[in-house]
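The values are calculated or read from the model by the stated rules, or taken from the named source; none is laboratory data. None of the values given here were measured: they were computed from a predicted structure. Because the Cβ atoms are built from the backbone with ideal geometry, glycine has one as well, and the counts that use them run over all protein chains shown. Calculation scope for accessible area: heavy atoms of the full protein, side chains included, ligands and nucleic acids excluded. Shrake-Rupley method; radii C 1.70, N 1.55, O 1.52, S 1.80 Å.
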Amino acid sequence: MQELSLIQQLSVMLLPLIFAVTVHEAAHGWVADKLGDPTARELGRITFNPIPHIDLIGTILLPLGLYTLSTLVGGVGFLFGYAKPVPVDAARLNHPRRDMALVAAAGPGANLVMALLWVGVVALAPYIGSQFPGPGVFLMQAGAFGVLINLFLMVLNLLPIPPLDGSRVVTSLLPLSLAHRYARLEPWGLVILLVLLLSGWLGSALVPMVFSLYKLLLGVALL
């Protein structure tokens, strides 16, 4: 097996990451459009072209910074990022409370579909690698990372912490009085996530689920 250069390794992770976060957002917009809100379509956000979804900080600088720092300290290169949120006007949806839950669920649903597609890439990689070793290694590693990052984003976004997608689903299921109180947590959502991350609770909750799903889909343990 050929080793990948540093640039190739970065490409292995960047391409799956960019599509994981941008298709996630496009899915929100596509479902919203089908349910009566054309805002995302009017803004050109329902597209697999990643450019309209790219956020300078979240899609480019943050992943590159994380990868650089994690490799400089001697760890395994790590990438994470996000795309521009797709705007959704709940007032334009046919059934605002129900439809907001469906719009929210579309993002993690898209990540699940992409994870399955990357499983297909992993399955094809050995056949390509038998004739073209370099591309075969690249596809195997890109596919494996594509499965991992999409599963991670799916599980993370299903958490019921505002403004993650899971909180939108919970809001639509709660009685209105409780939903309004729950929605007031949103300004504190990032603080809550940061506290959970730094305390180690977030990793303790997410990692076992993500690794179990990874093993289920690819038949091998990540570690």
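Summary table below
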quantity	calculated
Candidates Asp89, Asp99 - the one that is acidic (Asp, Glu), surrounded by fewer than 17 Cβ atoms within 10 Å (Cβ to Cβ) and either modelled with pLDDT of 85 or more or out of contact with any helix residue (DSSP H, G or I) (no Cβ under 9 Å at 6 or more places or on another chain) (or both)	Asp89
Residue in the stretch 181-190 that is modelled with pLDDT of 90 or more, surrounded by 14 or more Cβ atoms within 10 Å (Cβ to Cβ) and over 17 Å from Arg97 (Cα atoms) present	no
Verdict on Val147 being surrounded by fewer than 19 Cβ atoms within 10 Å (Cβ to Cβ) and closer than 16 Å to Leu17 by Cβ	no
Matching entry among Leu139, Leu156, Leu173 (being within 20 Å of His28 (Cα to Cα), open to solvent by less than 70 Å² (accessible area, probe 1.4 Å) and either of a type in the set (Val, Ile, Thr) or at pLDDT 85 or above (or both))	Leu156
Single residue of the stretch 29-68 satisfying the filter (open to solvent by less than 40 Å² (accessible area, probe 1.4 Å) and hydrophobic (A, V, I, L, M, F, W, C)) that is farthest from Ile149 (Cα to Cα)	Leu35
Cβ pairs under 7 Å, 6+ apart, first in the stretch 186-214 and without any contact (Cβ under 8 Å) to a residue 40 or more places away in the chain and within 18 Å of Leu112 (Cβ to Cβ), second of a type outside the set (Gly, Ala, Ser) and surrounded by 11 or more Cβ atoms within 10 Å (Cβ to Cβ)	Phe211/Leu222
